[in-house]
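Enquirer: Please find one structure pasted underneath; my questions will follow.
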Amino acid sequence: METNLAAPHALPVIIQGGMGVAVSNWKLARAVASHGHLGVVSGTALAAVLVRRLQDGDLAGDVRRALAHCPLRDAAREIEARYFRAGGRSPDQPYRLAPMYSITPSDDLVALTIVANFTEVWLAKEGHSGVVGLNLLEKIQLPTLASLYGAMLAGVDCVLMGAGIPRAIPGILDQLARGQKVDLRLAVDGESSGTEHRIAFDPAHFTGPPALALRRPQFLAIVSSSALATTLARKASGRVDGLVVEGATAGGHNAPPRGAPQFNERGEPVYGPRDSADLGVIRALGLPFWLAGSYAHPTQLRAALALGATGVQIGTAFAFCAESGLRFELKQAALRQGAAGAVELRTDPRASPTGLPFKVVDLPGTVSVPAVYEERVRACDLGYLRQPYEKPDGSVGYRCPAEPAADFIRKGGDPADAVGRKCLCNGLMAAIGLGQSVAAGETEPAIVTAGEDVRDLRRFMAAGETSYGAADVLRFILGGSDTPKLASA
């Protein structure tokens with residue numbers, strides 16, 4: 001069934017959550033979109049994902065097929081020549097790294113980011129007429145403009161963004177669609193009063209003048225409160241087309257609880273009634289909205305629709321299905337633990353360098369096992385979660401609480417802020433089978449995140465089966481009801 005997200009009569013009931021790094025890959029997004037719902041690719045760290053897929057040999061040829069269709073022909077050819085290894089690298093050979101971002105990235109890095117996002121979205125849209133979205137994090141600003149443009153070159157239908165207040169993004173989408181230059185104010189620690197640091201992007205510099213006119217995707221803001229929803233609906237730089245209202249039981253990063261911090265006996269932040277969004281306020285905004293966080297059940301879907309929601313966003317159920325990018329053995333470990341009623345899921349207030357609470361699943365051999373992570377030598381070689389800060393001379397530096405502690409402190413970081421931090425960049429790459437080789441036979445340890453639905457994944461499997469697919473998730477959630485694939489606005 002062909003859908004157009006811009007049409008008010010074609011809003012998806014189910015949004016597949018955008019889970020990074022590349023857990024929500026093009027295969028998963030394509031599978032969901034092919035069934036008439038919104039398939040979403042994660043845009044987080046796609047430049048690093050692309051170069052590692054090429055170094056692993058791109059055995060099925062999918063990446064190179066997409067590169068052959070990229071409008072940035074010279075850049076695509078150069079990327080393939082630089083990173084592709086026929087047959088793949090040896091397991092003990094470290095990946096060649098892409099450069100890390102700065103406020104003034106090289107043209108090569110910006111082009112790589114454009115091409116990587118084009119590739120992921122193009123593959124997700126290939127072979128069907130469904131709708132595909134791109135998920136980005138406001139917390140990761142430096143690659144944002146190039147990521148948006150690459151996805152738009154591939155015809156992305158929707159951009160979803162959370163982990164912050166993405167007020168500037170709707171207007172940027174308007175400008176990129178017209179081929180105009182854009183810039184984005186960078187959040188810089190210690191920024192001097194009256195100073196603004198901005199990152200800029202000119203489409204014509206990469207495609208040649210005149211810049212291409214592109215279709216403007218819809219913009220869905222991911223919010224945790226009615227106050228944030230109201231701010232974005234009324235004060236964003238352009239049109240906000242809908243809201244995803246995410247609760248604290250969702251996986252990945254969670255908004256911190258409101259008020260003075262409180263923790264339970266496991267050291268997890270305690271959420272209360274104040275942390276639930278006021279749906280009455282959100283309904284009054286007049287925008288379509290979807291509810292997220294433990295909604296992968298037909299009764300929960302019906303409850304959401306009864307509350308006025310257009311539908312629900314589902315993450316965890318799709319994260320462990322056959323098409324997701326998560327390593328097979330990690331999926332199987334979670335399924336076994338769930339069947340035994342032994343899933344250990346924690347909301348860790350310190351794991352993420354962002355400072356936001358982050359849900360972690362305790363699985364064998366992952367960073368959730370203290371002994372595994374204590375043996376890791378701290379390294380910051382991907383740098384997506386580095387925080388820009390202003391140096392005494394007014395220039396911009398970059399630091400991360402998960403980098404080597406001495407480096408973080410030398411850059412002015414608080415020593416206490418480095419305690420307990422995990423390298424999500426490397427850990428999430430390892431979770432999808434693209435972990436960096438650090439020694440003979442050893443790779444970076446994985447980190448796995450999920451929401452509360454990880455405790456009962458077997459409900460998506462038929463009797464006697466040991467795995468399930470995206471279609472099984474959709475069938476279960478929609479089963480036994482007359483809920484359509486598309487809802488009227």
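Any read-out appearing in this document is the output of simple, stated calculations on the displayed coordinates, not a laboratory observation. These figures come from a predicted structure and were not determined experimentally. As a convention, Cβ positions derive from the backbone with ideal geometry for all residues, glycine included, and neighbour counts pool all protein chains shown.
Enquirer: Give the residue list of GluC sites (Glu not before Pro) in region 251-337 that are DSSP loop and have at most 13 other beta-carbon atoms within 10 angstrom.
Expert: Counting only loop positions with at most 13 other Cβ atoms within 10 Å, the GluC sites (Glu not before Pro) in region 251-337 are E265.
Enquirer: Which whole-number percent gives the relative contact order of region 176-220, counting Cα pairs below 8 Å spaced six or more residues apart?
Expert: 48
Enquirer: If you don't mind, another one. So if R0 is 22 Å, what FRET efficiency would R410 and L186 give, r being the distance between their Cβ atoms, rounded to the nearest 0.05?
Expert: Step by step, r from the Cβ atoms, then E = 0.50.
Enquirer: Using DSSP to define loop residues, name the trypsin sites (Lys or Arg not before Pro) in region 18-87 whose beta-carbon has at most 15 other beta-carbon atoms within 10 Å.
Expert: Counting only loop positions with at most 15 other Cβ atoms within 10 Å, the trypsin sites (Lys or Arg not before Pro) in region 18-87 are R85.
Enquirer: Next up: Does region 106-173 come out rounded, prolate or oblate by the C-alpha gyration tensor, with a ≥ b ≥ c the root eigenvalues, rounded set by a/c under 1.5 and, if not, prolate when a/b is larger than b/c and oblate if not?
Expert: oblate
Enquirer: With contacts defined as alpha carbon pairs under 8 Å and 6 or more residues apart, what's the relative contact order of the chain in percent?
Expert: With pairs under 8 Å counted, the relative contact order is 18 percent.
Enquirer: Past the 19 Å Cα-Cα mark, which pairs from K235/K359; K391/K422; K359/K422; K181/K235; K139/K422; K27/K125?
Expert: Beyond 19 Å: K235/K359; K391/K422; K181/K235.
Enquirer: Calculate one ³J(HN,Hα) per residue across region 316-329 by plugging θ = phi - 60° into the Karplus curve 6.51 cos²θ - 1.76 cosθ + 1.60, and present them in order as whole Hz with x for glycine and proline.
Expert: In residue order, the calculated couplings are 4, 4, 7, 4, 9, 8, 4, 7, 6, x, 4, 4, 4, 5 Hz.
Enquirer: Quick check: net charge around R239, other residues with Cβ under 13 Å of its Cβ, Lys/Arg +1 and Asp/Glu -1?
Expert: Local charge sum for R239: +2.
Enquirer: On to the next question. Can you find, among I199, G130, G88, the residue farthest towards the positive end of the dipole of region 64-205? Put +1 on the C-beta of Lys and Arg, -1 on that of Asp and Glu.
Expert: Of the candidates, G88 comes out farthest on the positive side.
Enquirer: For P269, what is the net charge nearby, where nearby means another residue's Cβ is under 12 Å from its Cβ and Lys, Arg count +1, Asp, Glu -1?
Expert: Overall, the nearby charge balance is +2.
Enquirer: Placing +1 at every Lys and Arg Cβ and -1 at every Asp and Glu Cβ, with all other atoms neutral, what dipole size does region 119-174 have around its Cα centre, in debye to the nearest 20?
Expert: Value, rounded to 20: 140 debye.
Enquirer: Could I ask something else about it? Quick query: amide H of V244 versus all other amide H atoms, modeled in the peptide plane; which residues come in under 5 Å with a sequence gap of 5 or more or a different chain?
Expert: A221, I222, V223, W290
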